[in-house]
Amino acid sequence: MENSEEFGRSGYWYPDADSASTVDVLNLLRRYRSAETAMRARTRASMRMNETDLVALRFLLREQRAGRIVRSIDIARMLQISTASTTTLIDRLEKGGHVRREAHPTDRRAGIVVPTVSSDDEVRQTLGAMHRRMLSLVDEMSDKERAVVTRFLAGMTSAIEEAADLDQELRDVIRDHEEAQEEGAAGE
């Protein structure tokens, strides 16, 4: 019978490295993303919101803390959705007691959207403990460790954004090719 202590992470009798491998790091990043996705789903369910509603509410709360006024067009631009969709979203948030519409303080023709105190309290209650744990973890890191993590996360973000740019570039090339083929077929 095999002794389980003689097998490490690798699953073989090869000695394990003292540090995490590339695969270990990427797997931990995937695990983090999965945990974050599950947390967002729990938050949406507990607040009876969809993802867009939650993103809009977080935007409103952030802007309010910064002392900035938010109009519906600001929400539409941030979410990159139509003004009609934004109106529906605000109606939904208002019905749920998360926001209220108010008159613009300096422009009588415009209105603003303001998060309710109860909504701010609900977000803090729902996410506060998790945010405190996350902040504590980062606060425990040395400046050098934070610099390494920051460089890593910025690099991963760039890698993903570059892939998205390449995806768009590929779609553009395919579209141009298809259009050229259609023009060629029409000219025959």
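One table, with the values for the structure above:
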item: Derived scalar couplings ³J(HN,Hα) [region 169-186; Karplus, 6.51 cos²θ - 1.76 cosθ + 1.60; whole Hz; x for Gly, Pro]; result: 4, 5, 4, 5, 5, 4, 4, 4, 5, 5, 5, 5, 5, 5, 5, x, 5, 6
item: Highest-first arrangement of 22-33, 134-145, where packing means the average Cβ count within 10 Å; result: 22-33, 134-145
item: In Å², nearest 10: area of HIS98 left accessible to a 1.4 Å probe; result: 10
item: Residues with amide H under 5 Å from that of VAL99, placed H, sequence gap 5 or more; result: GLU94, THR116
item: The chain: equivalent-ellipsoid semi-axes (sqrt of 5 x gyration tensor eigenvalues, Cα, Å); result: 40, 33, 16
item: Length-normalised contact order for the chain - Cα pairs under 8 Å, 6+ apart - percent; result: 12
item: Summed side-chain charge close to HIS98 - residues other than HIS98 whose Cβ falls under 10 Å, Lys, Arg +1, Asp, Glu -1; result: 0
item: ³J(HN,Hα), Karplus 6.51/-1.76/1.60, whole Hz, each residue of region 28-45, x for Gly, Pro; result: 5, 5, 4, 4, 4, 4, 5, 5, 5, 4, 5, 5, 4, 5, 5, 5, 4, 5
item: In order through region 162-168: 3J(HN,Hα) via Karplus (6.51 cos²θ - 1.76 cosθ + 1.60), integer Hz, x for Gly, Pro; result: 5, 5, 5, 4, 5, 4, 5
item: Accessible surface of the chain [probe 1.4 Å, protein heavy atoms]: carbon and sulfur percent; result: 53
item: Interchain or long-range residues, amide H under 5 Å from ALA110's placed H; result: HIS104
item: Ordering of 109-115, 152-158 by packing [mean C-beta count within 10 Å, highest first]; result: 109-115, 152-158
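The values are calculated or read from the model by the stated rules, or taken from the named source; none is laboratory data. Model, not experiment: these values are computed from the prediction. As a convention, Cβ positions derive from the backbone with ideal geometry for all residues, glycine included, and neighbour counts pool all protein chains shown. The area values use the complete protein model at the heavy-atom level, side chains included, leaving out ligands, DNA and RNA. Shrake-Rupley method; radii C 1.70, N 1.55, O 1.52, S 1.80 Å.
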